[in-house]
1. Of everything in the stretch 273-289 that's among the small types (Gly, Ala, Ser) and farther than 16 Å from residue 238 by Cα, which residue is surrounded by the fewest Cβ atoms within 10 Å (Cβ to Cβ)?
2. Sort out which residues of the stretch 256-272 are surrounded by 13 or more Cβ atoms within 10 Å (Cβ to Cβ) and part of a loop (DSSP other than H, G, I, E, B), and write them in order of number.
3. Does at least one position in the stretch 82-90 carry a residue that is under 16 Å from residue 127 (Cβ atoms) and touching a strand residue (DSSP E or B) at 6+ places or on another chain (Cβ under 9 Å)?
4. Could you list, in sequence order, the residues of the stretch 32-48 that are within 17 Å of residue 91 (Cα to Cα) and touching a residue at least 60 places away in the same chain (Cβ under 8 Å)?
5. So for the stretch 285-306 (the condition being in contact with a Phe, Trp or Tyr (Cβ under 6 Å, 6 or more places away or on another chain), at pLDDT 80 or above and outside the structural domain of residue 79 (by TED's automatic domain parsing)), does at least one residue qualify?
6. Return the residue satisfying two criteria in turn: it lies in the stretch 93-141 and is under 17 Å from residue 39 (Cα atoms) and of a type in the set (S, T, N, Q), and of such residues it is surrounded by the most Cβ atoms within 10 Å (Cβ to Cβ).
7. In the stretch 188-210, what count of residues is obtained for those that are at pLDDT below 80, touching a helix residue (DSSP H, G or I) at 6+ places or on another chain (Cβ under 6 Å) and buried (at least 20 other Cβ atoms within 10 Å of the Cβ)?
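The values are calculated or read from the model by the stated rules, or taken from the named source; none is laboratory data. Here the structure is a predicted model, which is why all the values come from computation and not from measurement. Positions of Cβ are generated from backbone atoms using ideal geometry, with glycine treated the same way; all protein chains shown enter the neighbour counts.
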Amino acid sequence: MLIPPRTTRVHYEDVPTPSGASFALREFRWPHFPFNWHYHPEVELTLIVQGAGRRFVGDSVEDFREGDLCLLGANTPHCWASHPEAPRGVQSLVIQFLPALWGDAFWKLPEMRAIGGLLERARTGLAIRGETRRAIGGMILQMTREPSGSWRRLNLLLAALGRVAESGECVPLAQAGYDVAGRQAASPQLGRVLEYIHRHLGGELTQHDAAAVAGLSPAAFSQFFRRALGKTYVTYVNELRIRQACRALIEGDQSVAEVAFAAGFNNLSHFNAQFRRLKRTTPRAFREASRRGVNLRDLDSPEDWLGAFR
């Protein structure tokens, strides 16, 4: 269960820029990441150093863990939310900069075209994978060793953005055509519904109750939810429950039935059918494959990436 959010509205966040610098590099160390859905005009590059949970970017909802690296464009709603019972706490390194602060002439330079195009693509969010993720993570850690406002820190940021721009290892997060401005009016309702779902994921989650949370009739809620996230309410809930079940199958020793019921499925055959539909395999085969070392998450181990960065 995720901690209740400080706010269920998508809200504007004022990003402080340190004196004598053109961008912010901030480190966060908390017991957990709260559900804090927000946006800002600054471009953001976020590295998760420690922690696991769910990442929300526009209409994208995915699990994250150590090593998660994303580039977010201006005004894209986002948050990383984690479990309050996480034993080690969470840590992130976040770079935020306002492109306009560097001036129009800077972005018109021929050398900046690739990075300018990258920032446009990042409006729907980009997850950075593979060797590019390792390289950029190392650059971010190196930036922390340079003083704020130094040319070396800025040089590293531009090098990191250039590396990402040239990479083929960036995966879009929000759906193509996701319209940030057009969806912000629905965000307060959507925020309340998402918070409700994640607080009650292991229990009963009827569409009727979710509609009441949004203040809509069931029929209106069905249209609203599909329009906001591009899928039905039932599909969304099932996908989240299967993700939770996958984590339990990999990390725990509960039986398949116990995993199914803990994830909110009250019928084992329904759980097996949904699992096979989404994962193209059975829960038991999924667990066995994970224990043989098969890469099921498209992420390396924390030890691998952290060692590579350092």
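1. Ranking the candidates gives 285 first.
2. 263, 264, 265
3. no
4. The answer is 35, 45, 47.
5. Scanning the stretch 285-306 turns up no residue that is in contact with a Phe, Trp or Tyr (Cβ under 6 Å, 6 or more places away or on another chain), at pLDDT 80 or above and outside the structural domain of residue 79 (by TED's automatic domain parsing).
6. 124
7. Looking only at that region, the number is 1.
Every residue, every condition in (1) within 18 Å of residue 24 (Cβ to Cβ); (2) assigned by TED's automatic domain parsing to the domain that holds residue 23; (3) over 18 Å from the mean Cα position of the chain (by Cα); (4) free of Cβ contacts under 8 Å to residues at least 40 places away in the same chain, yes or no:
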{"position": "130", "(1), (2), (3), (4)": "no, yes, no, yes"}
{"position": "141", "(1), (2), (3), (4)": "yes, yes, yes, no"}
{"position": "147", "(1), (2), (3), (4)": "yes, yes, yes, yes"}
{"position": "153", "(1), (2), (3), (4)": "yes, yes, yes, no"}
{"position": "157", "(1), (2), (3), (4)": "yes, yes, yes, no"}
{"position": "165", "(1), (2), (3), (4)": "no, yes, yes, no"}
{"position": "168", "(1), (2), (3), (4)": "no, yes, yes, yes"}
